[in-house]
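A.B. asks: Let me give you the structure first, and then I'll get to my questions.
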Amino acid sequence: MFSILRQPYPPPVVSAAKALLVSVGLGAFVALFLIVFKPFGTDRAPIPNLNLFLGGYGLVIALVTFFPTFFFPRIWPKLYTDERWTVGWQLVFTFFTVALGITASYFYLMLTGGEYHLRDYLYFFRNGLLVSSFPIVIITLLDYIRKLRKYEGGARSANMAERPAVPPAREIVTLSDDRDRPEISLEAGRIWCLHSDGNYVEVWSRNDSGAYERTLIRNTLAKLSKQLPSGAFVTCHRSWVVNPALVESVTGNAQGYRLHLTDAPVVAVARGRSELVLARLKVGA
């Protein structure tokens, strides 16, 4: 059962705009829920302008949700990667965010004139966590299963589809570094993929003995991509460019698709580019 916690899950790395949208949306939902239903006896609370006060919870939730959603992936970028992020880490992240929201909500409640007591805080924290635990776990697991079925099914369909045989591109390609100094020159059809690695790009290509080897070039992926033959390669991820004519098989997990070639690196496909990449595989280039 606990093995599911180690399964790959999409890391919550989002832009500032999306983090703000998610945070404001969640805050608005919380505020509307509290104002409409007034749960936990809040309708009897002797607070002036009760609806305005309850709406303030929405602002609190929006603020504490934005902070971990936007900043954590930038503070710990090595953790928030496809290689390390799992269902377990997603649950930890979600529970931490909820715990932060519960704590902030308790101190917001102190604005009504109450006094802080550790016992009251722990009671408030425990009740909030108990109420939220079941939905957090269920929603996360259901989302994992939905994504897993989607990409596993798509991978099976892609592997079953017939692909036209495409002769390897014979065009000679010369890839240069950021100072326009030539680093490698070879047939385009021998290049499997390009992978961004910090200030460098890994170029994986087949050598004369048939093995795939890495050439490290100091440049950006965007600039090197422009040096490749037009239409022969596809950008499948912000960190990957692949030669679709060489793809042997496709696999899928909750994070998306992976492209495979024997004895070569596995190439990740961004979820937003899945349809484009699969379409390119169907035509063989």
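The values are calculated or read from the model by the stated rules, or taken from the named source; none is laboratory data. All of these numbers come straight from a predicted model, not from anything done at the bench. Cβ sites come from the backbone with ideal geometry, for glycine too, and all protein chains shown count toward neighbours.
A.B. asks: Please state which one of GLY88, GLY113 is over 30 Å from LEU142 (Cβ atoms) and not assigned by TED's automatic domain parsing to the domain that holds VAL269. Show your work before the answer.
C.D. replies: Numbers: GLY88 fails: over 30 Å from LEU142 (Cβ atoms).
On inspection, the qualifying residue turns out to be GLY113.
A.B. asks: Looking at (1) among the charged types (D, E, K, R); (2) touching a helix residue (DSSP H, G or I) at 6+ places or on another chain (Cβ under 9 Å); (3) over 17 Å from VAL234 (Cα atoms), find the lone condition where ASP208 falls short.
C.D. replies: Every listed condition holds for ASP208 apart from (2).
A.B. asks: Provide a single number: the residues in the range 126-145 that are surrounded by 11 or more Cβ atoms within 10 Å (Cβ to Cβ) and under 19 Å from the mean Cα position of the chain (by Cα).
C.D. replies: Looking only at that region, the number is 8.
A.B. asks: Conditions: (1) in contact with a Gly (Cβ under 8 Å, 6 or more places away or on another chain); (2) farther than 23 Å from ASP82 by Cα. LEU224 meets all but one. Number of the miss?
C.D. replies: So LEU224 meets the others, but not (1).
A.B. asks: Return the residues of the range 242-258 that are polar (S, T, N, Q) and closer than 20 Å to ALA165 by Cα; say none if nothing qualifies. Even if it seems obvious, please write down each step before you answer.
C.D. replies: Let us first name the residues in the range 242-258 that are polar (S, T, N, Q), namely 243, 249, 251, 253, 255.
Listed by number, the residues that qualify are ASN243, SER249.
A.B. asks: Looking for whichever is part of a strand (DSSP E or B) and of a type outside the set (Gly, Ala, Ser) here; the options are THR251, THR262. Which one fits?
C.D. replies: Going through THR251, THR262 in turn, the sole match is THR251.
A.B. asks: Okay, moving on. Among residues belonging to the range 1-48 that are more than 15 Å from the chain's Cα centre (by Cα) and of a type in the set (Val, Ile, Thr), point out the one that is farthest from ARG74 (Cα to Cα). Steps first, please.
C.D. replies: Taking the range 1-48 as the starting set, the residues that turn out to be more than 15 Å from the chain's Cα centre (by Cα) are 1-6, 17, 20-21, 23-48.
When the remaining residues are screened for being of a type in the set (Val, Ile, Thr), the result is 4, 24, 30, 35-36, 42, 47.
On the way: ILE4: 26, VAL24: 20, VAL30: 27, ILE35: 35, VAL36: 37, THR42: 38, ILE47: 40 Å.
Across the range 1-48, the extreme among qualifying residues is ILE47.
A.B. asks: Looking only at residues in the range 265-283 that are free of Cβ contacts under 8 Å to residues at least 40 places away in the same chain and outside any loop (DSSP other than H, G, I, E, B), which one is farthest from the chain's Cα centre (by Cα)? Break it down stepwise before answering.
C.D. replies: Start the filter on the range 265-283 by keeping residues that are free of Cβ contacts under 8 Å to residues at least 40 places away in the same chain, which leaves 266, 269-270, 272-273, 275, 279.
Pick out the ones that are also outside any loop (DSSP other than H, G, I, E, B) and you get 272-273, 275, 279.
On the way: GLY272: 10, ARG273: 13, GLU275: 17, ALA279: 22 Å.
By that ranking, first place goes to ALA279.
A.B. asks: Additional query: Just a yes or no: is a residue in the range 252-259 charged (D, E, K, R) and in contact with a strand residue (DSSP E or B) (Cβ under 7 Å, 6 or more places away or on another chain)?
C.D. replies: To start, the set of residues in the range 252-259 that are charged (D, E, K, R) comprises 258.
Those left that are additionally in contact with a strand residue (DSSP E or B) (Cβ under 7 Å, 6 or more places away or on another chain): 258.
The answer is yes; a qualifying residue exists.
A.B. asks: Separate question: Quick check on the range 73-102: of everything there that is buried (at least 16 other Cβ atoms within 10 Å of the Cβ) and without any contact (Cβ under 8 Å) to a residue 40 or more places away in the chain, which residue is nearest to LYS18 (Cα to Cα)?
C.D. replies: Once the filter is applied, the top-ranked residue is THR97.
A.B. asks: Same structure, new question: Identify the residue in the range 209-259 that is among the aromatic types (Phe, Trp, Tyr) and without any contact (Cβ under 8 Å) to a residue 60 or more places away in the chain and, among all such residues, is farthest from PRO11 (Cα to Cα). Steps first, please.
C.D. replies: Just the residues of the range 209-259 that are among the aromatic types (Phe, Trp, Tyr), to begin with: 212, 233, 240, 257.
Keeping just the survivors that are without any contact (Cβ under 8 Å) to a residue 60 or more places away in the chain gives 212, 233, 240.
Working: TYR212: 30, PHE233: 26, TRP240: 17 Å.
By that ranking, first place goes to TYR212.
A.B. asks: Considering (1) in contact (Cβ under 8 Å) with a residue 12 or more places away in the chain; (2) part of a helix (DSSP H, G or I); (3) under 25 Å from GLY252 (Cβ atoms), say which one PRO164 fails and leave the rest.
C.D. replies: All conditions are met except number (2).
A.B. asks: Which count do you get for residues in the range 123-182 that are charged (D, E, K, R) and within 23 Å of SER274 (Cα to Cα)? Talk me through it step by step, then tell me what you get.
C.D. replies: First pass over the range 123-182, keeping only residues charged (D, E, K, R): 126, 143, 146-147, 149-150, 152, 156, 162-163, 170-171, 177-181.
Next, only the ones that are within 23 Å of SER274 (Cα to Cα) stay: 143, 146-147, 149-150, 152, 156, 162-163.
Total satisfying the criteria: 9.
A.B. asks: Before we move on, is PHE29 assigned by TED's automatic domain parsing to the domain that holds ARG149 and surrounded by 12 or more Cβ atoms within 10 Å (Cβ to Cβ)?
C.D. replies: Values: assigned by TED's automatic domain parsing to the domain that holds ARG149: yes; surrounded by 12 or more Cβ atoms within 10 Å (Cβ to Cβ): yes.
Criteria met by PHE29.
A.B. asks: Sort out which residues of the range 182-234 are farther than 17 Å from ALA245 by Cβ, among the aliphatic types (A, V, I, L, M) and assigned to a strand (DSSP E or B), and write them in order of number. Let's see the steps before the verdict.
C.D. replies: Let us first name the residues in the range 182-234 that are farther than 17 Å from ALA245 by Cβ, namely 182-185, 195-202, 207-209, 211, 213-224, 226-227.
Add one more test, that the residue is among the aliphatic types (A, V, I, L, M), and what stays is 184, 201, 211, 216-217, 221-222, 224.
ILE184, VAL201, LEU216, ILE217 - these are the residues of the range 182-234 that are farther than 17 Å from ALA245 by Cβ, among the aliphatic types (A, V, I, L, M) and assigned to a strand (DSSP E or B).
A.B. asks: Restricting to the range 249-283, name every residue that is farther than 25 Å from GLN90 by Cβ and either touching a helix residue (DSSP H, G or I) at 6+ places or on another chain (Cβ under 9 Å) or not assigned by TED's automatic domain parsing to the domain that holds GLY198 (or both). It would help to see each step written out before you state the result.
C.D. replies: Start the filter on the range 249-283 by keeping residues that are farther than 25 Å from GLN90 by Cβ, which leaves 249, 260-265, 276, 278-283.
Residues satisfying the conditions are SER249, LEU261, ALA264, LEU278, ARG280, LEU281, LYS282, VAL283.
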